[in-house]
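Remarks on the structure that follows.
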Amino acid sequence: MEAGIIGLPLAGKTTIFNSLTGLTAATVSYSGGKKQVNLSEVAVPDERVEKLTELFHPKRKIHASVLVKDIPVQFDEQKGILPASLGEIRNADAVTVVVRAFSDKAVPHPLNTVDPARDLQKILDSLIFSDYEVVEKRMERLTREGKKGDREYHTLQKIYEKLSEGKFLGSGFLNPDEIKMLSGFRFLTVKPMIIIANTGEGGTDLSRLEEKTSSLGLNLFSISGKSEMDISQLEPVDQKEFLADMGLKEPAVNRFIKYLYKTLNLISFFTAGEDEVRAWSVERGSSIQKAAGKIHSDMEKGFIRAEVIEWKELLKMGGFSQAKKEGAVRLEGKAYTVQDGDVVVIRFNV
Ligand SMILES: Nc1nc2c(ncn2[C@@H]2O[C@H](COP(=O)(O)OP(=O)(O)OP(=O)(O)O)[C@@H](O)[C@H]2O)c(=O)[nH]1
Ligand SMILES: [Mg+2]
């Protein structure tokens, strides 16, 4: 699962990317410079991994992760983000938009003034326009081929009308059949979207941005890019101390990553033992058999049954053997829907 980060030039995309990943991808001072796509796995913070680690003292612990991609965009004052530079996010499963809300005379703004609500609208318009172009081209082609009577054409027409009104397609607009039929187009405006206001050192009025995001039903995170990036580059011990001094439990980006994970429709289940405590990702609603395949394809193929216990219950019992004695470990068959927080042992045979 992959999330793309987009935004206007110099909004702080790479700075936010660095704060998520703890990496040090080059940020641009102001002249632009050579642009590249930055890609990294980001561990999803999860206290359940920590708690299970305290119980099992494993050799290693592994968090779930999501792929985050920082995408440079080409921007034109009139045309907005150029559709060609949006190609990279067609493959993403979710879109994060970074809008600039920091003032810094040393960093020029492509539209000269700091106005996060306006910038967000520019980006949304670009996404809508990009989808619009895709639809228009396809409709022209179907027309040329004499396929105006086709179901596809009718569906595209419906989409065309909505986009023409400057509206997002959104997740509920198409039915599952239509989604399947059109999945090849990878429409941008059906992807889940999260907004980050890069607030910098504070002082910018966010009320218009807040109004806009809430009227569009979009979730807004306020993150101070530069200071979060500095925090992410501290050694873990120093990081804890630094946050504690500021009266914080965790960096602000953590809340964002957790939310992103949910947005991607993922849940975590766990395996736990003396070797390893590990969180595994699977799409919400998956069967335990499919989930087992995340651990190893043999486990899915040769699935017999699973021993399942909720993580909290396992902690309360103090381990598997005690939990079994108390009858707290359930046996589940292949159709069982794995739940967020399940700790599992898969029995399989190949
Ligand atoms: N004062 C201040 N400057 C920031 C903050 N976040 C980013 N910047 C600066 O803004 C400039 C652009 O930041 P980047 O993270 O490179 O922005 P970007 O969106 O990746 O830029 P492009 O990839 O060139 O489009 C850099 O000089 C950053 O140091 C912040 O929170 N406060
Ligand atoms: Mg950048």
For this session: Please give the calculated 222 nm ellipticity per residue for the chain, where each DSSP H segment of at least 4 residues contributes -39500 (n - 2.57) and the sum is spread over every residue; nearest 500 deg cm²/dmol?
Result: -11500 deg cm²/dmol
Exercise. Any idea what log10 I(q)/I(0) is at q = 0.09, 0.11, 0.14, 0.19 Å⁻¹ for the stretch 8-120, Debye with uniform C-alpha scatterers and no solvent?
Worked result: -0.33, -0.47, -0.68, -1.05
Exercise. Between the DSSP loop rule and a limit of at most 11 other Cβ atoms within 10 Å, which trypsin sites (Lys or Arg not before Pro) in the stretch 66-152 are left?
Worked result: Lys105
Problem set entry | Whole-number percent relative contact order across the chain, with pairs defined as alpha carbons under 8 Å at least 6 apart | 20
Exercise. How big, on average over all directions, is the shadow cast by the Cα convex hull of the stretch 213-253, in nm²?
Worked result: 3.4
Exercise. Can you tell me the Rg and Dmax of the stretch 285-348, counting just the alpha carbons, in angstroms?
Worked result: 11.6, 33
Exercise. Considering only the other residues whose Cβ falls under 12 Å of the Cβ of Ile123, what net charge follows from Lys and Arg at +1 and Asp and Glu at -1?
Worked result: +3
Exercise. Which trypsin sites (Lys or Arg not before Pro) does the stretch 203-266 hold that lie in a coil by DSSP with at most 13 other beta carbons within 10 Å?
Worked result: Lys249
For this session: May I ask you to list the aspartates and glutamates whose Cα is less than 14 Å away from that of Lys13, ignoring any residue fewer than eight positions away on the same chain?
Result: Asp70, Asp119, Glu228
Seminar exercise, completed: The aspartates and glutamates whose Cα lies under 17 Å from the Cα of Lys180, excluding any fewer than 8 residues away in the same chain, are Asp93, Asp131, Asp150, Glu152
Exercise. Between the stretch 52-112 and the stretch 132-167, what's the alpha-carbon centroid distance in Å?
Worked result: 30
Seminar exercise, completed: Under the 7 Å Cα-to-Cβ spin-label approximation, Lys79 and Gln157 lie apart by a distance in nanometres of 3.0
Problem set entry | Using distinct alpha-carbon pairs, which all enter the 1/r mean, Kirkwood radius of the chain in Å | 22.6
Problem set entry | Sites excluded, chymotrypsin sites (Phe, Trp or Tyr not before Pro) in DSSP loops with at most 16 other C-beta within 10 Å, longest stretch of the chain | 174-350
Seminar exercise, completed: Fewest-first ordering of His57, His63, His154 by Cβ atoms within 10 Å yields His57, His154, His63
Seminar exercise, completed: Nearest-0.05 FRET efficiency for Asp230 and Arg144 at R0 = 51 Å, using Cβ-Cβ distance, is 0.35
Exercise. Is the stretch 271-321 rounded, prolate or oblate when judged by the Cα gyration tensor, a ≥ b ≥ c being the square roots of its eigenvalues, rounded requiring a/c under 1.5 and prolate requiring a/b larger than b/c?
Worked result: prolate
For this session: Could you check the simple spin-label distance between Leu67 and Arg284, using points 7 Å along Cα→Cβ, in nm with one decimal?
Result: 2.3
For this session: Would you mind pulling out the separation of the Cα centroids of the stretch 306-320 and the stretch 240-274, in Å?
Result: 22
Problem set entry | Estimated FRET transfer efficiency (Lys334, Asp275; beta-carbon r; R0 35 Å; 0.05) | 0.85
Exercise. What pairs from Lys79/Lys262; Lys122/Lys258; Lys61/Lys258 go past 25 Å between their alpha carbons?
Worked result: Lys79/Lys262; Lys122/Lys258
Exercise. Among residues other than Gly12 whose Cβ falls under 9 Å from its Cβ, what is the net charge (Lys/Arg +1, Asp/Glu -1)?
Worked result: +3
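Readers should treat all values here as calculations from the given coordinates under stated rules, not as data from a laboratory. Keep in mind that what you see is a predicted model, and the values were worked out from it rather than measured. Positions of Cβ are backbone-derived with ideal geometry, glycine not excepted, and every protein chain shown enters the neighbour counts.
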